[in-house]
Amino acid sequence: MFVSTKQKRIATLARNNPAMAFTSLNHYIDYNWLLQAYQLTRKDGATGVDDQTADMYERQLETNLLDLLDRMKSGRYRAPALRRVYIPKGKGQQRSLGIPTFEDKIAQRGVAMLLAPIYEQDFYNCSFGFRKGRSAHHALQSLRSHIMHGGGQWVLDVDIQKYFDTIDHSQLRLFLARRVSDGVVRKLIVSS
């Protein structure tokens, strides 16, 4: 079964059962799933703490992906530490970036490929952030259309400072639990 077919199946189940928590998702993750995750992972990004590049990983791609698959399915996979770098943010401030290893980027992509078809069904049409086929430009077009045709009079620009540094992880776990109760998948997310 192709990955996109599996994702369509997950999306259909999520759409038809909006209150359902998925108890068995990890069986979708197989070698081909991780191969597609690898193919979708950016190859020219900065390296993580292990200094392994995409080219280095690719030299033994099948072996590496099979090993990753085994560790993910058995519960032995642990995300390595992030390489921390700081970039200028303006006004003399710096923004911290955590750079995962290339293999962890593949694992993250593989899990995101499982979750996206579920949560895509739950998002409102007015949600644009981090969604496939949607961008800030689409959000601006929607906003303009709403103001011009819907009679809006106010636009609020809100930036929550250091949101990802301060988000309550217990609330995220509760949010995840509403739709995903597969222990293997939960362990991959929560232990990261």
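The values are calculated or read from the model by the stated rules, or taken from the named source; none is laboratory data. What you are looking at is a predicted structure, and each value in this text was computed from that prediction instead of being measured. Using ideal geometry, Cβ is built from the backbone for each residue, glycine included, and neighbour counts are taken over all protein chains shown. Accessible surface areas use protein heavy atoms only, side chains included; no ligands, DNA or RNA. Shrake-Rupley method; radii C 1.70, N 1.55, O 1.52, S 1.80 Å.
First check a/c for segment 104-146, with a ≥ b ≥ c the square roots of the eigenvalues of its C-alpha gyration tensor; if it is under 1.5, answer rounded, and if not, answer prolate when a/b is larger than b/c or oblate otherwise.
oblate
Which of the chymotrypsin sites (Phe, Trp or Tyr not before Pro) found in segment 141-175 are loop residues per DSSP with 13 or fewer other Cβ atoms within 10 Å of their Cβ? Working shown, then result.
Details: sites: W154, Y163, F164, F175; in loops: W154.
Sites meeting the loop and neighbour criteria: W154.
Report the net charge of residues surrounding F130, where surrounding means a beta-carbon distance below 14 angstrom and charges are Lys +1, Arg +1, Asp -1, Glu -1.
Numbers: positive: R109, R131, K132, R134; negative: E120, D122.
Around F130, the surrounding residues sum to +2.
Longer than 21 Å from Cα to Cα, which of K73/K105; K43/K132; K105/K187; K6/K132; K43/K73 are they? Say none if no pair is.
Among K73/K105; K43/K132; K105/K187; K6/K132; K43/K73, the Cα-Cα distance tops 21 Å for K43/K73.
Just to confirm a number: summing +1 for Lys and Arg and -1 for Asp and Glu over residues other than T101 whose beta-carbon lies under 10 angstrom from that of T101, what do you get?
-2
Peptides 106-113, 86-93, 132-139, 177-184: what's the order by average Cβ count within 10 Å, highest mean first?
Peptide ranking by packing, descending: 106-113, 177-184, 132-139, 86-93.
Might you report the magnitude of the Cβ-based charge dipole of segment 65-192 about its Cα centre, with Lys and Arg at +1 and Asp and Glu at -1, to the nearest 20 debye?
260 debye
Just one of (1) 48, 42, 41; (2) 58, 49, 30; (3) 42, 39, 29 is Cα extents along the principal axes in Å as worked out from the coordinates here. Which one is it?
(2)
Net charge within 13 Å of M72 by Cβ-Cβ distance, Lys/Arg positive one each and Asp/Glu negative one each, not counting M72 itself?
It works out to a net charge of +1.
Could you work out the helix-only [θ] at 222 nm for the chain, with each DSSP H run of four or more residues adding -39,500 (n - 2.57) and the total divided by the number of residues, to the nearest 500 deg cm²/dmol?
Values: 9 runs with 102 residues, N = 192.
Calculated mean residue ellipticity at 222 nm is -16000 deg cm²/dmol.
Need one number: nm distance between label points at V49 and Y163, each 7 Å from Cα along Cα→Cβ, rounded to one decimal.
2.8 nm
Using a probe radius of 1.4 Å on heavy atoms only, what accessible surface per residue do you get for segment 66-192? Whole Å² is fine. Provide the component values of the computation, followed by the final result.
Working: 9190 Å² over 127 residues.
Per residue, segment 66-192 has an accessible area of 72 Å².
Rounding to the nearest 20 debye, state how big the charge dipole of segment 116-164 is about its Cα centre with +1 on each Lys and Arg Cβ and -1 on each Asp and Glu Cβ.
Computed charge dipole of segment 116-164: roughly 120 debye.
What part of the accessible area of the chain, given as a whole %, is carbon or sulfur when the probe is 1.4 angstrom?
Percent of accessible area from carbon and sulfur atoms in the chain: 54.
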